[in-house]
Amino acid sequence: MKYALDTNIITYYLKGNVKILDKVDNEAKNDNIIIPPFAYFEVKKWLLAINSKNKLQAFEKLFEE
C-alpha cells in the first residue's frame, strides 16, 4: 500500500511529531511514500519563506533512496 502525504502530515513530520515520524520513516524504508507535487511545492515554499535550513534538509531527506 502506498501513502500520499498531504501538507499537514509533512508539516507534523518536520516539526518532530513522534507518532508521524515513526510511521513515515517506517513506510519510507519500504518505499511506500508518495508526495503529490502540490504538497511538495507548498511545503518547500513554506520552508524557504521561513529560511529553515534544518527542516529543509529533513524534507529533502524524504526523497533520498
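Please treat every number below as a calculation from the coordinates, not as lab data. Quick caveat, the model's predicted, so the values are computed rather than measured. Cβ: placed from backbone, ideal geometry, glycine included. Neighbour counts: every protein chain shown.
On the basis of being in contact (Cβ under 8 Å) with a residue 24 or more places away in the chain and either touching a Leu at 6+ places or on another chain (Cβ under 8 Å) or assigned to a helix (DSSP H, G or I) (or both), does PHE41 make the cut?
Spelling it out, it is not the case that PHE41 is in contact (Cβ under 8 Å) with a residue 24 or more places away in the chain and either touching a Leu at 6+ places or on another chain (Cβ under 8 Å) or assigned to a helix (DSSP H, G or I) (or both).
Which residues, taken from the stretch 45-65, are among the charged types (D, E, K, R) and either touching a helix residue (DSSP H, G or I) at 6+ places or on another chain (Cβ under 7 Å) or part of a loop (DSSP other than H, G, I, E, B) (or both)?
LYS55, GLU64, GLU65
Just a yes or no: is a residue in the stretch 2-17 free of Cβ contacts under 8 Å to residues at least 24 places away in the same chain and of a type in the set (A, V, I, L, M, F, W, C)?
Yes.
If SER52 passes every condition in (1) closer than 12 Å to THR11 by Cβ; (2) among the small types (Gly, Ala, Ser); (3) surrounded by 15 or more Cβ atoms within 10 Å (Cβ to Cβ) but one, which one does it miss?
(3)
Filter the stretch 25-65 for residues that are more than 9 Å from the chain's Cα centre (by Cα) and acidic (Asp, Glu) and give the result.
Those that are more than 9 Å from the chain's Cα centre (by Cα) and acidic (Asp, Glu): ASP25, GLU27, ASP31, GLU42, GLU64, GLU65.
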